[in-house]
DNA sequence: TCTTCTATGTAAAATTCTAACATATCTTCG
DNA sequence: CGAAGATATGTTAGAATTTTACATAGAAGA
C-alpha cells in the first residue's frame with residue numbers, strides 16, 4: 001500500500017521530471033499531504049529523487065542534462081552499447097567467474113547483468129562501483145596505475161596477481177578494430193593486461209560497437225582468431241561478419 | 001565581482017556537492033544572504049545547480065551514480081569531515097608520495113587537495129575516481145576484493161604489491177576509537193592492510209572526527225602511539241587530547 | 001485478544017523563501 | 001565632470017513550505 005504509492009510517485013516523477021506537492025495532492029486525493037511528504041522523503045533517502053522547495057524532481061531528469069568528460073563519454077552511441085551489453089548479459093551463467101574491462105560498454109554491462117552469484121574481476125573503477133551495488137556479486141578490483149581518461153587501472157604487477165586467480169570468461173572491448181591490425185587500445189600496459197586476461201580465460205567475448213571499426217589505436221592486444229564470440233550491433237558490416245564466422249567465431 | 005562570486009559558488013558546490021545557505025554565508029561574509037540567494041537563483045537558471053530547501057546542490061553531484069548507500073553515508077557529519085580534510089590537505093607537500101584510505105573523510109580530502117605533483121596510493125574506489133580528476137596526480141589503485149559497504153578494496157596479496165612501492169606519508173582514518181582499544185575498523189583484511197600501510201609509511205596521519213570516539217569495532221589496526229599526527233575537529237575532548245600530546249603526538 | 005510496530009493524520013512551530021522597496025555602486029553619454 | 005539610468009546589493013515583513021510532536025488507526029505477531 002505504502003510501497004505501491006511510493007513507486008507510483010517515483011514513476012510519475014520520472015515521467016514528468018518535476019512535480020509540486022500540490023500536483024501530487026491532486027493525484028493522490030485519499031492521503032494527506034504529510035504522507036506524501038514522507039513518501040518523498042523516503043524516495044530521497046533512496047536516492048531516486050531530489051526534494052526541492054514546493055515538491056520534488058526526478059534524479060533521472062537531472063542526469064539527462066549533459067556533464068563531465070567521463071559521463072559525457074558514456075552518452076556517445078549509448079543505444080548500441082546498451083543493446084550490446086544486454087546481449088552480453090544474456091550469455092552469463094550463474095556461479096561463473098569472469099573478467100570485465102573498464103570501458104563504457106562494460107559499464108552498461110555491469111548495469112544490465114542479473115544479480116546472480118558471480119565472481120567478477122575488473123580493472124575499471126566505475127565498473128567496480130557499479131558491480132558492488134549487486135548483492136550477490138563478488139567483485140575483485142585489479143590494482144595498478146589509474147588511467148585518467150577511462151578510469152581503469154593497469155599494472156605490470158598484474159601478472160603476479162593472476163597467479164592465484166582463475167576465470168572462465170573474459171568479456172572485454174576494444175577502442176579500435178581493423179581486420180589487419182586486430183583489436184587495439186591506447187595504452188601499452190592496458191594492452192599487456194588484456195593479453196594476459198585473454199590467456200588466462202577459457203573463452204574471450206569481445207564487445208565491439210560498430211563505431212570502432214576501421215579505427216586503429218597504437219597497441220594491438222588481440223587478433224580476429226583470438227576471440228570466441230563477437231558481440232556487436234546491427235550496423236556491423238556483413239563482409240566483416242563473414243571474416244569472423246569463417247573462423248568459427250560466433251557473431252551476435 | 002558578481003560573476004566571480006557566482007563562479008566561486010559554483011566551484012564550491014561542485015566540490016562539496018551540496019551546501020546550505022548558512023555554509024555559503026560563512027564562506028562569503030561580506031555579502032548578504034539575499035545576494036547569495038540571487039546568485040543561486042541565477043546558477044539555477046543556467047542549469048548548473050539545483051536549489052533545494054536550505055541551499056543548493058551541484059548538478060554534477062546528482063549526475064554521478066547518485067543514490068547509493070555510499071553517497072548517502074557521505075552526508076553524515078559532513079562539516080566536521082570537511083574541516084578535517086582541509087586541515088589534512090594543508091599538510092601535504094608537493095612531490096610527495098602518500099597513501100590514503102577509502103573512507104568518506106578521505107573522499108573529502110581528495111576533493112580538497114591542491115592539484116600539485118603527487119603520487120597517491122589508495123584502496124578506495126570512489127577516492128581513486130575523485131583523485132583521477134586532478135591533472136597532476138599520479139594515482140595508483142590497490143587491488144583486491146571490493147567491500148561493498150565502503151567501496152574500498154583489501155587483499156592479502158597487497159603485501160606483494162607493496163614490495164616495490166614507497167610512500168612517505170599515510171593519511172588514514174578509523175571507524176572507531178577508544179584509548180584502550182585504539183583505532184579499529186570492521187574488517188580483518190582492512191585492518192591487515194592498514195597495518196601494512198603504517199609499517200610502510202615514514203609517518204602516519206590519522207583523521208578522526210569526534211563522532212568516532214568511544215566506539216569500538218572488531219579489528220584494531222593502530223594504537224595511540226602508532227601515529228604521528230591526529231587530525232580532528234573542535235569537539236575532540238581535551239582530556240583525550242592530553243593523552244596524545246603527552247606522547248608527543250601532534251593534535252590539530 | 002492484547003501488545004507492539006508501522007502508517008497516517010493534524011496542527012502548531014520553525015525555517016526558509018519571496019516580494020517590495022531602499023540604498024549603493026557602476027556606466028555611459030552629453 | 002556630472003547626472004540619468006542601469007545594475008547590484010541590503011533590509012524587512014509577510015507568505016509559503018517544511019518540520020516536529022503528538023494523536024490515532026491499522027496491521028502483524030505472540
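Whole percent per 10 Å bin, from 0 to the bin with the longest distance: what is P(r) over all C-alpha pairs of the protein assembly as shown?
Result returned by the calculation: 4, 18, 25, 25, 19, 8, 2, 0.
In Å and whole numbers, how far do the C-alpha atoms of segment A:169-252 stretch along each principal axis, longest first?
Reported extents, whole Å, longest axis first: 33, 27, 19.
With runs of 4+ DSSP H residues as the only contributors, calculate the mean residue ellipticity of chain B at 222 nm using -39,500 (n - 2.57) per run, divided by the residue total and rounded to the nearest 500.
Roughly -11500 deg cm²/dmol at 222 nm, from the helical runs in chain B.
If you line up the Cα atoms of segment B:2-63 on their principal axes, what length do they span on each, largest first, in Å?
Each principal axis gives a Cα extent; for segment B:2-63 these are 32, 19, 19 Å.
Pick from A:202, A:87, A:148 the residue whose mean-square fluctuation is largest in a GNM of chain A, springs joining Cα atoms under 10 Å.
Checking each option, the largest mean-square fluctuation is seen for A:148.
When chain B is treated as a GNM, springs tying every alpha-carbon pair under 10 Å, which of B:207, B:107, B:34 comes out with the largest mean-square fluctuation?
B:34
Note down the relative contact order for chain B as a percent, whole number, built from C-alpha pairs under 8 angstrom at least six residues apart.
RCO, chain B: 13 percent.
Under the definition of partner shielding as Cβ atoms of other protein chains within 10 Å of a residue Cβ, what is the mean value for peptide A:105-111?
Neighbouring Cβ atoms belonging to other protein chains average 0 per residue here.
Cα atoms only: what Rg and Dmax, in Å, come out for segment B:70-251?
Considering segment B:70-251 through its Cα atoms, Rg and Dmax are 15.0, 42 Å.
Relative contact order of segment A:99-229: what whole-number percent is it, with Cα pairs under 8 angstrom and at least 6 residues apart?
Relative contact order for segment A:99-229 comes out at 22 percent.
Could you please state, rounded to a whole Å, how far the C-alpha centre of segment B:222-240 is from the C-alpha centre of segment B:95-152?
Here the two parts' Cα centres lie 23 Å apart.
What's the angle, to the nearest 10 degrees (0 to 90), between helix A:33-45's Cα axis and the longest principal axis of chain A?
20
Testing the spin-label approximation: label points 7 Å from Cα along Cα→Cβ at residue A:41 and residue B:45. State their distance in nm.
Inter-label distance under the simple model: 3.4 nm.
Specify the angular offset, from 0 to 90 degrees and rounded to the nearest 10, of the alpha carbon long axis of helix B:2-16 from the longest principal axis of the alpha carbons in chain B.
Roughly 30 degrees, rounded to the nearest 10.
Once you keep just the Cα pairs under 8 angstrom separated by 6 or more residues, what percentage relative contact order results for segment B:2-63?
After rounding, I find 40 percent.
Take every DSSP beta bridge whose two residues both sit in segment A:69-251, then give the antiparallel share in percent to the nearest 5.
30
One decimal, nm, shortest first: give the distances between the label point of residue A:12 and those of the same position in the other copies, each label point 7 Å from Cα along Cα→Cβ.
Result, one decimal in nm: 3.6.
How far is residue A:195 from itself in the other copies, in nm, if each label sits 7 Å out from Cα along the Cα-Cβ line, shortest first?
Output for residue A:195: 3.9 nm, nearest copy listed first.
To the nearest µm²/s, what D does Stokes-Einstein give for segment A:123-201 at 10 °C and 1.306 mPa s, using the Kirkwood radius over alpha carbon pairs as Rh?
This corresponds to a translational diffusion coefficient of 117 µm²/s.
Between helix A:188-200 and chain A, what is the angle of the helix's C-alpha long axis to the longest principal axis, kept within 0 to 90° and rounded to the nearest 10?
Compared with the principal axis, the helix lies near 80 degrees.
Along Cα→Cβ at 7 Å, what distances in nm separate the residue B:35 label point from those on the other copies, shortest first?
Copy-to-copy label distances for residue B:35: 4.7 nm.
Read-outs: derived from the displayed coordinates by stated rules, not from any lab. Everything quoted here is computed from the prediction, not taken from an experiment. Using ideal geometry, Cβ is built from the backbone for each residue, glycine included, and neighbour counts are taken over all protein chains shown.
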